Structure formats: structure tokens, C-alpha cells
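Written out below as C-alpha cells is the structure these notes cover.
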Amino acid sequence: MALTSRKKRPLDRESKPKPFRDARLIVIATEGRKTEKQYFSLFGNKKCQVHIIPSQDDRSAPKYVIERLREFKKEHQLDKDDELWLMIDVDRWKETQLGMVASQAKGSKFNLAVSNPCFEVWLYLHYSDLNPQPIKAKELKKKLKSLIGGYNSNKLDPQKFVNRIDQAIARAKSLDDNPDERWPSRTGTHVYKVMEKVRG
């Protein structure tokens, strides 16, 4: 990953050993403010660094998520191996909103990692399979809390998930009967797609 930048970089790679300065960068703009950032704090190695752009000021609608990713791209010099991802949920947004953002993402060569109904699907799959039938986000979060013995989206304990990532990827793939869909039409998540890149 090149160190040159038009503005100050989000990662201080100059203070890292050389292998870190050459790492590929995966930038993820999220709908959530805390949960995804806490989860992805687990990752980052000599080959790949992860940078999260969380929502701010309650501006979590998909159009704001893609806006933040575009701003990041403008402000930073990225290498050809770096990847930009949008991580959003289905639960609160109309299909027209999701479709518009998905089209814009494709035009900007951004990747999509959408969860239906919410990011907690990905967390749940670390521990157990899920039925693909529709489920409300509130109900899913309740099931997750029961499954792992407590859950607070503002104070996620990422260590509860770190040793279960392979299982989560396998379960998410099993749920995903149409990987080419822009987002899962049933209960499921495409977070596994970015996770395979992060762990690659």
C-alpha cells in the first residue's frame, strides 16, 4: 500500500515495521456507529489492514454511508490492491434506497457487504445456523443475546467471536443460495465476502 496521500492518512504506517507499510488496505464504511468498528478491531496483519468509517451524527442511511466512502477515496491516495466496501443493513431501508446505493456503489467500483435484516446475522452465525425465513432485527438481536449469554451493540466483546470466524463464513455461505444478488433477499449476510478478503 502506497504511503503517499493528499491529506493525512488515517493510519500511521510510518511508525510500523516495513511489512505494515506495504499492507493492502480494506476500508469499510458502515451503517453502524460502534458494533462493526468494535468487531473489526480484531483484524489487521502484515498483509492487510482494516480501516472502519462508522456512521456519525445519526447519519446512517445508505446514501450517507456511500458519501463517507467517496469522501475517503477523494482524500487518500489508494493503491490498486486496496478495496473499498459498503456495509449496510436491509432492515430500515426501502428497496428503492438500497437499489440506488447498490447501483452507485457499482459505478464507483465499491464492494457491498449487506446483511438482512442486520449485522447481527453475521454475529449469530459465529455460534449457530439460522433459518433463511424472514426475521425482524429486534427478534434476531434477542435470539443473539440468549445464544451468547448477553449482547450489547454499544459494548461488543469481539473476543467472543474471534475463534469462530471459519464457522461463521461457512454458515453464511450455506445461507447464501444466490451469491450474485446485490443483497440477500432472505435472512443472510454478505459480510463473509469481505471477511474472506480480510483473512485472505
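The values are calculated or read from the model by the stated rules, or taken from the named source; none is laboratory data. What you see is a predicted model, and the numbers here were worked out from it, not measured in a lab. Here Cβ is always computed from backbone atoms with ideal geometry, including for glycine, and neighbour counts include all displayed protein chains. Side chains included, ligands, DNA and RNA excluded: accessible areas come from the protein's heavy atoms. Shrake-Rupley method; radii C 1.70, N 1.55, O 1.52, S 1.80 Å.
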Over 18 Å (Cα to Cα) - which of 47/80; 138/160; 173/197; 73/173; 34/160; 173/193 fall in this group: 138/160; 73/173
Average Cα contact separation per residue, region 122-175, under 8 Å, 6 or more apart, as relative contact order %: 61 percent
The chain - percent of accessible surface contributed by carbon and sulfur, probe 1.4 Å: 45 percent
Mean shadow area of region 148-190 over all directions, Cα convex hull, nm²: 4.0 nm²
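Can you give the helix-only mean residue ellipticity at 222 nm for the chain, where every DSSP H stretch with n ≥ 4 adds -39500 (n - 2.57) and the sum goes over all residues, rounded to the nearest 500 deg cm²/dmol? Intermediate values should be presented prior to the final figure.
Working: 8 runs with 74 residues, N = 200.
Mean residue ellipticity at 222 nm (helix-derived): -10500 deg cm²/dmol.
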Rounded to the nearest 20 debye, dipole of the chain from Cβ charges on Lys, Arg, Asp, Glu: 540 debye
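Just flag the trypsin sites (Lys or Arg not before Pro) in region 76-144 sitting in loop per DSSP whose Cβ has no more than 16 other Cβ atoms within 10 Å.
Counting only loop positions with at most 16 other Cβ atoms within 10 Å, the trypsin sites (Lys or Arg not before Pro) in region 76-144 are 80, 92, 94, 109, 136.
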Extent along principal axes [Cα atoms of region 47-87; Å; largest to smallest]: 32, 19, 13
For the chain, the spread of Cα positions along each principal axis, largest first, Å: 47, 37, 32
5 Å-binned pair-distance histogram of region 129-171 (Cα, whole percent): 5, 17, 25, 29, 20, 4
Relative packing of peptides 168-174, 180-186 - highest average C-beta neighbours within 10 Å first: 168-174, 180-186
Rg and Dmax of region 123-200, Cα atoms only, in Å: 12.6, 34
Debye log10 I(q)/I(0) for region 61-160, one point scatterer per Cα, at q = 0.14, 0.19 Å⁻¹: -0.66, -0.99
Relative contact order %, the chain, counting alpha carbon pairs below 8 Å whose residues are six or more apart: 22 percent
